[in-house]
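S.K.: Okay, handing you the structure first.
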Amino acid sequence: MPKISQGITLMDTTSAWKSWLPELQNSDSWKATRSNSYYEYLLKDKDSDYASLEYTTNAIVGLLSDPRKSQPPVSRKGLILGDVQSGKTRSYIALMNLATDCGYKLLIVLTSDNEDLRQQTQKRIDTDYVGFRGNSIPTGIGKYQVNKGVAHPIQLTNENDFVTPSANAFHTLARPSWSNVPYVAVLKKNASTLSKFNKWLDSPEFSKDLPVLIIDDESDYASVNSSKSDDSPTRINQLLRNLCELSKRTSYVAVTATPFANIFYR
């Protein structure tokens, strides 16, 4: 049975940050329906032990912005470092499921500028997070959510990136909100795609303190600002900054196996 090592967490020792997750998990209203169904899926369908993954996921989620509306909005940034083929995708999907249990309302996964790779990630998100095909056919994690009252997320992307359906989305699709089910999008790091998505999201309908989780997969690609002047960032870097600033309760998580660019550039 394959295992993922527990890993090491590095934090600023001068920070006064305190994890909000234990308080939420000890409340009477706590339900980890999504996380539990994901771990059941890993165990039964993938023959994968998840004990260390669950421990690490709890630790990371506790470092994200507190998604509870009653708490002041704070933006947070962090980096997940893992070797190639070490289970980074599985780790950030576990993060997505637990974050949704906690109340995150918009989850965005950023990939490279390659559509084939974006579709590959989309399919993984469909089975391991969304859990259904079409409107009703359970697949992947969805097989373990039947009759458990798990709300299906609204998919902003599917076999196409946001560029193709965006024209209709501007006119017909409500923005994510506190009262709605979670929204999820898998986007290429492409200037046209990100520009359209930012324009769609930046609407009076969108609450500027909504809990948003942005996972930047292969974050060393295109995301970093390689410009000599921070006043004139690269196009993709500027669009990512704009995206992160649309909500004051945004958590940005960079994921990479080669973190050097992330560390030495903004």
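The values are calculated or read from the model by the stated rules, or taken from the named source; none is laboratory data. No experiment lies behind these values; they were computed from the predicted model shown. In this analysis, Cβ positions are derived from the backbone assuming ideal geometry, glycine residues included, and neighbour counts consider all displayed protein chains. The protein model used for the area step is the full one, side chains on, heavy atoms only, and it has no ligands, DNA or RNA in it. Shrake-Rupley method; radii C 1.70, N 1.55, O 1.52, S 1.80 Å.
Here is a yes/no grid of residues against (1) touching a Ser or Thr at 6+ places or on another chain (Cβ under 7 Å); (2) open to solvent by less than 50 Å² (accessible area, probe 1.4 Å); (3) within 25 Å of Asp101 (Cα to Cα):
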| residue | (1), (2), (3) |
| --- | --- |
| Asn168 | no, no, no |
| Pro176 | no, yes, yes |
| Ala191 | no, yes, no |
| Phe197 | no, yes, yes |
| Asp209 | yes, yes, yes |
| Asp216 | yes, yes, yes |
| Val224 | no, yes, no |
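S.K.: Could you look through segment 165-211, keep only residues that are polar (S, T, N, Q) and part of a helix (DSSP H, G or I), and pick out the one that is modelled with the lowest pLDDT? Break it down stepwise before answering.
M.R.: Of segment 165-211, the ones polar (S, T, N, Q) are 166, 168, 172, 177, 179-180, 190, 192-193, 195, 198, 203, 207.
Pick out the ones that are also part of a helix (DSSP H, G or I) and you get 166, 168, 172, 192-193, 195, 198.
Numbers: Ser166: 70, Asn168: 73, Thr172: 84, Ser192: 93, Thr193: 94, Ser195: 95, Asn198: 96.
Ranking the candidates gives Ser166 first.
S.K.: Hey, can you tell me all the residues within segment 83-113 that are assigned to a loop (DSSP other than H, G, I, E, B) and either under 25 Å from Leu246 (Cβ atoms) or open to solvent by less than 10 Å² (accessible area, probe 1.4 Å) (or both)?
M.R.: To start, the set of residues in segment 83-113 that are assigned to a loop (DSSP other than H, G, I, E, B) comprises 83-87, 103-105, 112-113.
Scanning segment 83-113 gives Gly103, Tyr104, Lys105, Ser112, Asp113.
S.K.: Take the residues in segment 114-128 that are farther than 21 Å from Ser37 by Cα and touching a residue at least 24 places away in the same chain (Cβ under 8 Å); name whichever of them is surrounded by the most Cβ atoms within 10 Å (Cβ to Cβ).
M.R.: Looking only at segment 114-128, we keep the residues that are farther than 21 Å from Ser37 by Cα, and these are 114-120.
Adding the requirement that they be touching a residue at least 24 places away in the same chain (Cβ under 8 Å) leaves 114-115, 118-119.
Values: Asn114: 13, Glu115: 15, Arg118: 24, Gln119: 18.
Only one residue fits best here, namely Arg118.
S.K.: Could you please find all residues in segment 34-71 being open to solvent by 40 Å² or more (accessible area, probe 1.4 Å), assigned to a helix (DSSP H, G or I) and not aliphatic (A, V, I, L, M)?
M.R.: Asn36, Glu40, Lys44, Asp45, Glu54, Tyr55, Asn58
S.K.: Which residue is surrounded by the most Cβ atoms within 10 Å (Cβ to Cβ), if the candidates are limited to segment 227-252 and must be part of a loop (DSSP other than H, G, I, E, B) and either touching a helix residue (DSSP H, G or I) at 6+ places or on another chain (Cβ under 8 Å) or modelled with pLDDT of 95 or more (or both)?
M.R.: Going residue by residue through segment 227-252, those that are part of a loop (DSSP other than H, G, I, E, B) are 227-234, 245-249.
With the extra rule that they be either touching a helix residue (DSSP H, G or I) at 6+ places or on another chain (Cβ under 8 Å) or modelled with pLDDT of 95 or more (or both), the set shrinks to 227, 233, 245-249.
Details: Ser227: 15, Pro233: 18, Glu245: 13, Leu246: 17, Ser247: 23, Lys248: 15, Arg249: 25.
Of everything passing the filter in segment 227-252, Arg249 is surrounded by the most Cβ atoms within 10 Å (Cβ to Cβ).
S.K.: Related question: Can you run down the residue pairs with Cβ atoms below 6 Å, 6 or more apart or on separate chains, where the first is in segment 152-177 and more than 19 Å from Tyr104 (Cα to Cα) and the partner is modelled with pLDDT of 90 or more and hydrophobic (A, V, I, L, M, F, W, C)?
M.R.: Here the result reads Phe162/Leu187; Phe162/Phe197; Ala169/Trp200; Phe170/Trp200, each pair linking segment 152-177 to a residue that is modelled with pLDDT of 90 or more and hydrophobic (A, V, I, L, M, F, W, C).
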